[in-house]
Amino acid sequence: MAQTQLEKCFETVINIFHQYSVRVGHFDTLTKGELRQLIEKELPTFLKEQKNPQAIEKIFTDLDKNKDKQISFGEFMDLVVKVVIAAHEHIHKEGDDGHAHHHHH
């Protein structure tokens, strides 16, 4: 069966997680450094919107539920969910303005 767009999207998330998780320590978890690299490279907009200079520290601490200093894929998904929800809200903010403007034509 051909993959749907959403299935491809999930696979991309998994692949990106692995691109970073294999670098240091356990191959299937992110160290703080790996998480930082992933966020800086793959989620720059999200990072810009975090006003806190210690944003990465805070994100890492929030995600590391079992406090083992590693982010598992499941823990990483909490971040993905946050970012997707933020992106969704962002689209609505822009979209609502957009709709308002279309009525003038």
>> With just the Cα atoms defining each centre, how far is the stretch 49-73 from the stretch 79-96? Give it in Å.
In response: 20
>> Which chymotrypsin sites (Phe, Trp or Tyr not before Pro) in the chain sit in a loop by DSSP (not H, G, I, E or B) and have at most 10 other Cβ atoms within 10 Å of their own Cβ?
In response: F27
> Relative to the first principal axis of the alpha-carbon coordinates of the chain, what is the inclination of helix 5-21, with its axis defined by its Cα atoms, in degrees from 0 to 90 and to the nearest 10?
Replying inline: 40
> Once a ≥ b ≥ c are taken as the square roots of the eigenvalues of the Cα gyration tensor of the chain, is the result rounded (a/c under 1.5), prolate (a/b larger than b/c) or oblate (a/b not larger than b/c)?
Replying inline: oblate
> Setting aside same-chain residues fewer than 8 positions from K65, which aspartates and glutamates have a Cα under 15 Å from its Cα?
Replying inline: E57, E75, D78
> Longest segment of the chain with no trypsin sites (Lys or Arg not before Pro) in a DSSP loop having at most 14 other Cβ atoms within 10 Å?
Replying inline: 70-105
> Is it possible to state the helix-based mean residue ellipticity at 222 nm for the chain, with each DSSP H run of 4+ residues giving -39500 (n - 2.57), the sum divided by total residues, to the nearest 500 deg cm²/dmol? What is it?
Replying inline: -22500 deg cm²/dmol
> To the nearest 20 debye, what charge dipole does the chain have about its Cα centre, counting +1 at the Cβ of each Lys and Arg and -1 at the Cβ of each Asp and Glu?
Replying inline: 340
> By how many degrees, between 0 and 90 and to the nearest 10, does the Cα long axis of helix 32-42 differ from the longest principal axis of the chain?
Replying inline: 30
> Roughly how many Å² of L35 are accessible to a 1.4 Å probe, to the nearest 10?
Replying inline: 0
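Specify whether the C-alpha gyration tensor of the stretch 44-95 places it in the rounded, prolate or oblate class, a ≥ b ≥ c being the square roots of the eigenvalues: rounded for a/c under 1.5, otherwise prolate if a/b is larger than b/c and oblate if not. Can you show the working numbers first?
Numbers: a/c = 3.61, a/b = 1.69, b/c = 2.14.
Oblate, because a/c is 1.5 or more while a/b does not exceed b/c.
Can you give me the % of accessible surface on the chain that is carbon or sulfur? Probe 1.4 Å, all protein chains present, nothing else counted.
Details: 4660 of 7590 Å².
The value for the chain is 61 percent carbon and sulfur by accessible area.
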>> Using only the alpha-carbon atoms, how far is helix 73-102 inclined from the longest principal axis of the chain? Give it as 0 to 90 degrees, nearest 10.
In response: 10
> How high is the relative contact order of the chain, in percent, counting Cα pairs under 8 Å that sit 6 or more residues apart?
Replying inline: 20
> Taking the Cα-to-Cβ direction at K82 and at T61 and moving 7 Å from each Cα, how far apart do the two end points lie in nm?
Replying inline: 1.2
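The values are calculated or read from the model by the stated rules, or taken from the named source; none is laboratory data. None of these values were measured; they are calculated from a predicted model. As a convention, Cβ positions derive from the backbone with ideal geometry for all residues, glycine included, and neighbour counts pool all protein chains shown. When the accessible area is computed, the model is the full protein with side chains, heavy atoms only, and any ligands, DNA or RNA have been set aside. Shrake-Rupley method; radii C 1.70, N 1.55, O 1.52, S 1.80 Å.
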